[in-house]
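For reference, the structure is listed below as structure tokens.
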Amino acid sequence: MCKITIFIKIESEKNEMRDCFIGSDLSNKLKTDLLPLPTTISPVTVKSKSFFLLKTSEEELGRLILNLKTDCGAGWDGITPKILKCLKEFIITPLNHSFNRHIISGCSQLSNGDYLHRHNQVARIIHQQLAIKFGFTQQDVPYYKYEPKPVLENRSVTLYWDRSIITDRFIVANKPDIVVIDRTARKAIIVDISVPHDENLVKAENDKKIKYIDLAHEIVAMWDVDSTIIVPIVVSVNGLIGKTMDDYLSKLGLGKWLKGLIQKSALLNTARIVRRFLSLDA
């Protein structure tokens, strides 16, 4: 009876602490949907020349908290390392959830800043390689220094960057990241980039295809092309890519080697977001 009473009291205190730190809505979700969380990482099959970040575990996060220097001052939230160590058992589950999900892809405060920057870095890679392919530029500068122009055009190809497509009828989704009009091949290509969380990789790809169906039909009617292809370029926040990536790069006439560069860009920018969140930027 004593053990049961103590256990119930500890669980009650944990729940109250979670409510205090992250709010009751997320706390309730953690109690019902996310617990118990796995404490070990499942084996992952990794293809050669492919890399990604594994999720943090509660053990890993616990070690980091225990290694914090207690003589350091509090952060912007006013919580000292000593307090974090004392409350480790109470806050480690919501903290682990926040690191794995909320911070890197689910924070509304970061959506128009850091998340958009990460998205645009991936989009620049694709636009730069298309510009080189169609002879708009010969300068192969690092993608993070590349500045896409809104419109690039020659006799056979027009390349749009982040421009609204004016259509005869109202289309809600009329601003893809990149549009290619190839008059020689009489085809158009709609390219849209997404950097979702790992679990949403396949869903994001399918959503992009559905999103631009109306625009694809309208482009065929307006611009005298035989077909319009929708090409979603999807890489997760942790660098995962789908099996269809090779096929999509092939449709763009780009090499498979770009996969590694796309993954690298997503990973580096995710790491940048975490550093900024933890106020570790110099």
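Within the stretch 65-76, none of the residues are modelled with pLDDT of 70 or more and either at positive phi or within 24 Å of the chain's Cα centre (by Cα) (or both). Just checking, does the stretch 217-227 include any residue being buried (at least 22 other Cβ atoms within 10 Å of the Cβ) and either part of a helix (DSSP H, G or I) or outside the structural domain of R118 (by TED's automatic domain parsing) (or both)? For the stretch 217-227, residues buried (at least 22 other Cβ atoms within 10 Å of the Cβ) and either part of a helix (DSSP H, G or I) or outside the structural domain of R118 (by TED's automatic domain parsing) (or both): present.
In the stretch 228-282, the residue that is surrounded by the most Cβ atoms within 10 Å (Cβ to Cβ) out of those that are touching a strand residue (DSSP E or B) at 6+ places or on another chain (Cβ under 8 Å) and assigned to a loop (DSSP other than H, G, I, E, B) is L252.
Would you call W161 under 30 Å from I103 (Cβ atoms) and of a type in the set (F, W, Y)?
When the stated conditions are applied, W161 passes them.
Selection of helices (runs of 4 or more DSSP H) fully inside the stretch 58-158 by the criterion of at least 3 residues being more than 29 Å from V235 (Cβ to Cβ) returns 58-66, 81-86, 88-97.
Checked against (1) among the aliphatic types (A, V, I, L, M); (2) modelled with pLDDT of 95 or more; (3) under 20 Å from D226 (Cα atoms), I125 passes all but a single condition, namely (3).
Evaluate the following for I166: is it surrounded by fewer than 19 Cβ atoms within 10 Å (Cβ to Cβ) and either in the same structural domain as L249 (by TED's automatic domain parsing) or charged (D, E, K, R) (or both)? So I166 passes the test. Of the residues K82, K88, the single one that is farther than 18 Å from V274 by Cβ and either surrounded by 16 or more Cβ atoms within 10 Å (Cβ to Cβ) or in contact with a Cys (Cβ under 7 Å, 6 or more places away or on another chain) (or both) is K88.
The values are calculated or read from the model by the stated rules, or taken from the named source; none is laboratory data. Note that the structure is a prediction, hence the values are computed from the model and not measured. Please note: Cβ atoms are built from the backbone with ideal geometry, for glycine as well, and neighbour counts cover all protein chains shown.
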